[in-house]
């Protein structure tokens with residue numbers, strides 16, 4: 001029968017190797033399970049996408065006809081966004097729809113036709129994150145929409161200003177505002193704290209993500 005008679009140094013070295021081996025084996029199993037579950041969820045999502053595309057055809061909307069899809073979305077998009085946001089899982093971003101376009105003005109026959117505008121207008125310049133958050137939460141307060149998650153506010157900023165901000169920027173800025181008693185927190189939800197009239201933010205700020 002085989003035996004091992006290593007000295008103290010050898011036993012210590014092998015113990016370290018076995019510990020690392022065990023950690024690697026368990027980590028591999030853990031990550032493989034995550035990978036398999038993610039792959040399964042991705043497959044389920046793709047199956048749902050295919051089913052939704054087929055279901056559109058039952059209502060006379062061919063998914064391959066982008067013009068027809070756009071017309072249908074103009075009519076149903078706001079309600080679809082509301083339904084999605086009410087049942088949205090925490091790991092998915094908030095669905096923000098752009099405001100409807102203003103009606104085209106009547107053409108002036110005495111003026112030369114202007115060149116066609118870009119289909120997508122450039123995003124507005126990004127103000128200070130602090131000011132955007134205060135304005136967002138104040139509007140939610142005025143409309144009695146309740147509290148808002150930091151992830152939803154980050155999604156709003158990135159969508160409206162067509163930019164990407166660090167995942168911790170919104171949270172860090174909210175904690176500064178909490179310290180200044182501009183906002184309050186309840187669990188994962190953030191709320192606006194009304195200020196005295198003379199101390200309210202006038203809404204004028206320099207462009208650029210200064211926070």
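Okay, here's what the table says:
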{"quantity": "Flag if residue 86 is loosely packed, with under 10 Cβ neighbours inside 10 Å and within 30 Å of residue 146 (Cα to Cα)", "calculated": "yes"}
{"quantity": "Boolean, residue 40 is assigned to a helix (DSSP H, G or I), modelled with pLDDT under 85 and surrounded by 10 or more Cβ atoms within 10 Å (Cβ to Cβ)", "calculated": "yes"}
{"quantity": "Count - residues of region 152-169 that are under 23 Å from residue 87 (Cα atoms) and touching a helix residue (DSSP H, G or I) at 6+ places or on another chain (Cβ under 8 Å)", "calculated": "5"}
{"quantity": "Failed item in (1) at negative phi; (2) modelled with pLDDT of 85 or more, with residue 60 passing the rest", "calculated": "(1)"}
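The values are calculated or read from the model by the stated rules, or taken from the named source; none is laboratory data. It should be emphasised that the depicted structure is a prediction, and the values quoted were computed from it without experimental measurement. Neighbour counts run over all protein chains shown; Cβ positions are idealised from the backbone, glycine included.
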